[in-house]
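**Student:** Just passing along the structure, written as structure tokens.
The values are calculated or read from the model by the stated rules, or taken from the named source; none is laboratory data. Since this is a predicted model, take the numbers as computed values, not measurements. Note that we place each Cβ from the backbone using ideal geometry, even for glycine, and neighbour counts take in every protein chain shown. Ligands, DNA and RNA are stripped out before the accessible areas are found, and what is left, the full protein with its side chains, is counted by its heavy atoms. Shrake-Rupley method; radii C 1.70, N 1.55, O 1.52, S 1.80 Å.
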Amino acid sequence: MNDIAIELKNLSVNFARYSALDNLTLSIPKGTFVSIVGPNGAGKTTLLKVILGLIKPNHGTITILGKQIDELSAFDLGYVPQIKTLDRTFPALPIELVSTGLNAKWPGRLKKHDKNIVIDTLERVGAGNLAKRPLNKLSGGELQRVYLARALIRKPKILILDEPATGIDWIGEKDIHKIIDEYKSEFNATVIMVTHDWESAYHHADFVLLLNKVAVCFDKPEDAFSEDYLSQTFGHVGHKHEMLFSGSRHD
Amino acid sequence: MIDVFLQTFMLRAMLAGILVGFMSSYFGVFIVQRRMSFMGSGLAHAAFGGVALGILLNTEPLWIAIPFTILASIGITLLRDKTKLGSDTSIGILFAISVALGIIFLSLKRSYTADAFAYLFGSILSVQTSDLYVTLILSVITMLSFFGFWSRWAYTSFDRELAGTDRIKVTRDDYILNTLLAITIVVSVKLVGIILVAAFLVIPAASARLVAGTFFRMTIISIILGVISSIIGLIASYIFDLPSGATIILVQAAIFFISILIRRITIRESL
Ligand SMILES: Nc1ncnc2c1ncn2[C@@H]1O[C@H](COP(=O)(O)OP(=O)(O)OP(=O)(O)O)[C@@H](O)[C@H]1O
Ligand SMILES: [Mg+2]
């Protein structure tokens, strides 16, 4: 029980009469990297939002780090959202956004001490040069890095990433995966990452959750990416999965 | 004798002007960022309904207008949250109900309704000691909200969902903000009038938005501009014998255009 990071039991979420998640039961061990893969509208983001406490499930229970969601501290979870819902007209600097990761509130005047930590973290994700540009002038990929810095800076036990590599250039994508892997091993953190990039799921994850309203399979990548499971998740896939995974696993 | 009268009444108006200018320009930054200026207008018209009821009941309109306007603000927020209607639609509906009620209340009164006109266009002559007390208490609460609430309201204005993931009770905070906003509007109405109150709330914050790079600076600059424009406006209205509300708004507008110029110059320089 103690080595379980997230435990879902018979979890269902309905939007009006539409079922987004159906009877999910799942245990995610601490310190593992889980990739969630599934078609658009499969309920991937919905599942993350349930874990974050943004959506209340209609049925079932969630236990995170042995606690109920309301008992959990905001600092236990780091989150990079898929769709950035920020107000683009809001006057803000990247350092301010990242500082919300540190303090869980919007900063007035940033303390020198906090500012240094923020700038270090931005440098770590390759965004040190962005620190004082207006936030609303950043490109999609730049913004994504700032959000990653915001998630990492609080050193969460659980890192929740919704398509974190979207909009990041090819070299940057390798960088980001390296940063996430390093963070995971340094803090023995649990990482949950939604991705449409099967290859990165295959190479980085300890477990893959194939999701399409129901959990089709939760297993090691080698077993999860079987043609059978994939066609159950996505309907008929056009190509053989062997073509996709010609590379070998890392480490 | 007349001198003393002038002095105390001018002092009262000036104090009220400074406090009301402070509160409106402080809440104004949230109104601007949350695109709620129609809410300001809607609550001002709700205040009209409350004032009219107060006049009909022959009591101090303030004591009726405050709960009336708070109820309207709760009603607007509830309608927005519980139905799929946009907040502009909810405001539009409550707006019309309040004004319709106000007109009927005033027509029932049948006597001279000069009071109501003072509320429509604002008048420093109408600022009473009781207004001053309410304004003073509200100012203290507003200042206290700077510690604690400001950063949560700011966070929620920036990104409601992200603030939610940081366990901020965004809905509860909305009700608190809208309630304080409702009272601020009622006490501002005496000075600037129902028609101009929405602009009074928004112009200093909009000017500050043009020149500030962070929300904290925007808040500070907005407050400074709000207080200064109230002082200059009141002095000008006294010297030239002009209506106070309209004069303050024109001073604010002048500052707004200066802010546009400053922004153009600084952008050109940074290129
Ligand atoms: N607030 C909501 N109200 C109604 N329906 C919703 C809501 N949020 C999500 N849905 C629906 O639930 C389903 C799952 O949405 P979700 O965002 O979880 O998909 P996803 O797997 O993340 O997809 P994508 O790959 O496109 O990001 C979708 O069909 C969506 O329309
Ligand atoms: Mg999604």
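**Student:** Looking at the protein assembly as shown, send over the antiparallel percent of its DSSP beta bridges, to the nearest 5.
**Tutor:** Approximately 55 percent, going by the DSSP bridge assignments.
**Student:** May I pose another question? Express the carbon and sulfur contribution to the solvent-accessible surface of the range A:83-152 as a percent, rounded to the nearest whole number, probe 1.4 angstrom.
**Tutor:** Looking at the range A:83-152 in its full context, I get 51 percent from C and S.
**Student:** Non-local amide H neighbours of A:D162 (under 5 Å, H modeled in plane, Pro and chain starts lacking H): which ones?
**Tutor:** Under 5 Å from the amide H of A:D162: A:V80, A:Q82, A:V194.
**Student:** State, as an integer percentage, the relative contact order of the range A:71-185 based on alpha-carbon contacts under 8 Å between residues 6 or more apart.
**Tutor:** Relative contact order, the range A:71-185: 39 percent.
**Student:** Pull up all non-local amide H partners of A:A5: gap of 5 or more, or a different chain, and H-to-H distance under 5 Å with H placed in the peptide plane.
**Tutor:** A:I28, A:K30
**Student:** Using a Gaussian network model of chain A whose springs link C-alpha atoms within less than 10 Å, name the residue from A:I171, A:I158, A:I28 with the highest mean-square fluctuation.
**Tutor:** Largest GNM mean-square fluctuation: A:I171.
**Student:** Same structure, new question: If you plug each phi of the range A:81-94 into the Karplus form 6.51 cos²θ - 1.76 cosθ + 1.60 with θ = phi - 60°, what whole-Hz ³J(HN,Hα) values come out, in order, with x for Gly and Pro?
**Tutor:** Result, rounded to whole Hz: x, 6, 9, 7, 8, 5, 7, 5, 9, 6, x, 8, 10, x.
**Student:** When the Karplus curve 6.51 cos²θ - 1.76 cosθ + 1.60 is applied with θ = phi - 60°, which whole-Hz ³J(HN,Hα) does each residue of the range B:74-87 get, with x for Gly and Pro?
**Tutor:** The phi angles translate into 5, x, 4, 5, 4, 4, 5, 6, 8, 10, 8, 5, x, 5 Hz.
**Student:** Keeping all protein chains in place, calculate the accessible area per residue for chain B (probe 1.4 angstrom), answer in Å².
**Tutor:** Heavy-atom SASA per residue in chain B reads 45 Å².
**Student:** What part of the accessible area of the range A:15-64, given as a whole %, is carbon or sulfur when the probe is 1.4 angstrom?
**Tutor:** Here carbon and sulfur together make up 51 percent of the probe-accessible area.
**Student:** Determine the percent antiparallel among the DSSP beta bridges restricted to chain A, to the nearest 5.
**Tutor:** 55 percent
**Student:** Taking the Cα centre of the protein assembly as shown as origin, sum charge times position over the Cβ atoms of Lys and Arg (+1) and Asp and Glu (-1), and report the length of that vector in debye to the nearest 20.
**Tutor:** 1280 debye
**Student:** Starting from the residue with the highest accessible area, list A:D162, A:D219 in decreasing order, probe 1.4 Å.
**Tutor:** A:D219, A:D162
**Student:** Buried by at least 20 Å² relative to the chain on its own: which residues of the range B:201-221 qualify, computing accessible area with a 1.4 Å probe on protein heavy atoms?
**Tutor:** Listed by number, the residues meeting the 20 Å² cut-off are B:R209, B:G213, B:T214, B:F215, B:F216.
**Student:** For the range B:179-200 and the range A:26-84, what is the centre-to-centre distance using only Cα atoms, to the nearest Å?
**Tutor:** Using only Cα atoms, the two centres lie 44 Å from each other.
**Student:** Label-point separation (nm) for A:K174 and A:K84, each offset 7 Å from Cα along Cα-to-Cβ?
**Tutor:** Rounded to a tenth, the inter-label distance reads 2.5 nm.
**Student:** Among B:S237, A:S139, what's the order by accessible area (1.4 angstrom probe), most exposed first?
**Tutor:** Solvent-accessible surface, decreasing: A:S139, B:S237.
**Student:** Using amide H atoms built in the peptide plane, which far-off residues or other-chain residues are under 5 Å from A:L211 H to H?
**Tutor:** A:V37, A:G38, A:V216
**Student:** Further, regarding this structure: Please give the helix A:170-187 orientation as an angle from the longest Cα principal axis of chain A, in degrees from 0 to 90, rounded to the nearest 10.
**Tutor:** Compared with the principal axis, the helix lies near 90 degrees.
**Student:** Could you give me the ³J(HN,Hα) list for the range B:246-253, computed from phi with Karplus coefficients 6.51, -1.76, 1.60 and θ = phi - 60°, whole Hz, x at Gly and Pro?
**Tutor:** 4, 5, 4, 4, 5, 4, 4, 5
**Student:** Sticking with this structure for a sec: Short version: which residues of the range B:140-166 lose at least 10 Å² of accessible area, all chains versus chain alone, 1.4 Å probe?
**Tutor:** B:W150, B:S151, B:A154, B:Y155, B:S157, B:F158, B:D159, B:E161, B:L162, B:G164, B:T165, B:D166
**Student:** Would you kindly find the accessible area of B:T165, with a 1.4 Å probe and non-protein molecules such as ligands, DNA and RNA excluded, rounding to the nearest 10 Å²?
**Tutor:** We get 10 Å² for B:T165.
**Student:** Express the relative contact order of chain B as a whole percentage, based on alpha carbon pairs under 8 Å and six or more residues apart in sequence.
**Tutor:** Worked out over chain B, it gives 30 percent.
**Student:** Something else: Contact order normalised by length for chain A, with contacts defined as Cα pairs under 8 Å and 6 or more residues apart; what percent is it?
**Tutor:** Taking the mean separation of contacting Cα pairs over the length of chain A, I get 25 percent.
**Student:** Here's another thing I want to ask about it. So for the range A:114-225: antiparallel DSSP bridges make up what percent, rounded to the nearest 5?
**Tutor:** 50 percent
**Student:** Also: Just to be sure I understand: with springs between alpha-carbon atoms less than 10 Å apart, which residue in A:V146, A:V50, A:V80 has the highest mean-square fluctuation in the Gaussian network model of chain A?
**Tutor:** Fluctuation is largest for A:V50.
**Student:** Let me ask you something else. Which lysines does A:K9 reach when only Cα atoms under 18 Å apart count, and residues fewer than 8 places away in its own chain are ignored?
**Tutor:** Answer for A:K9, where 18 Å is the Cα cut-off: A:K30, A:K44, A:K49, A:K56, A:K67, A:K213, listed by chain and number.
**Student:** Any chance you could check the range A:84-101 for residues losing 40 Å² or more of accessible area when the partner protein chains are in, compared with the chain on its own (1.4 Å probe)?
**Tutor:** In the range A:84-101, residues shielded by partner chains: A:T85, A:D87, A:T89, A:F90, A:P91.
**Student:** In addition: So how strong a dipole does chain B carry about its Cα centre when Lys and Arg Cβ are +1 and Asp and Glu Cβ are -1, to the nearest 20 debye?
**Tutor:** So the magnitude is around 600 debye.
**Student:** Which of the lysines could a cross-linker span from A:K174 if the Cα-Cα distance has to be under 19 Å and same-chain partners fewer than 8 positions apart are dropped?
**Tutor:** A:K184
**Student:** Counting other C-beta atoms within 10 Å, and keeping those with at most 13, which DSSP coil chymotrypsin sites (Phe, Trp or Tyr not before Pro) do you find in the range B:183-271?
**Tutor:** For chymotrypsin sites (Phe, Trp or Tyr not before Pro) across the range B:183-271 that sit outside H, G, I, E and B with at most 13 neighbouring Cβ atoms in 10 Å, the list reads B:F240.
**Student:** For chain A, set up a GNM with springs between Cα atoms under 10 Å and report which of A:A201, A:A74, A:A16 has the largest fluctuation.
**Tutor:** Of A:A201, A:A74, A:A16, the most mobile in the Gaussian network model is A:A16.
**Student:** For the charge dipole of the range A:1-135, defined by +1 on Lys and Arg C-beta atoms and -1 on Asp and Glu C-beta atoms about the Cα centroid, which residue among A:F15, A:F90, A:T100 has the Cα displaced farthest towards the positive pole?
**Tutor:** The one lying farthest along the dipole's positive direction is A:F90.
**Student:** Additional query: If you count only protein heavy atoms with a 1.4 Å probe, what accessible area per residue comes out for the range A:83-152, rounded to a whole Å²?
**Tutor:** Ligands and nucleic acids excluded, the figure is 42 Å² per residue.
**Student:** Between B:T171 and B:T266, what FRET efficiency comes out of the Förster formula 1/(1 + (r/R0)^6) with R0 = 45 Å and r the beta carbon distance, rounded to 0.05?
**Tutor:** So, using R0 = 45 Å, E works out to roughly 0.75.
**Student:** While we're here: Taking both sides together, what accessible area is buried at the A/B interface, probe 1.4 Å, expressed in Å² and rounded to the nearest 100?
**Tutor:** 2300 Å²
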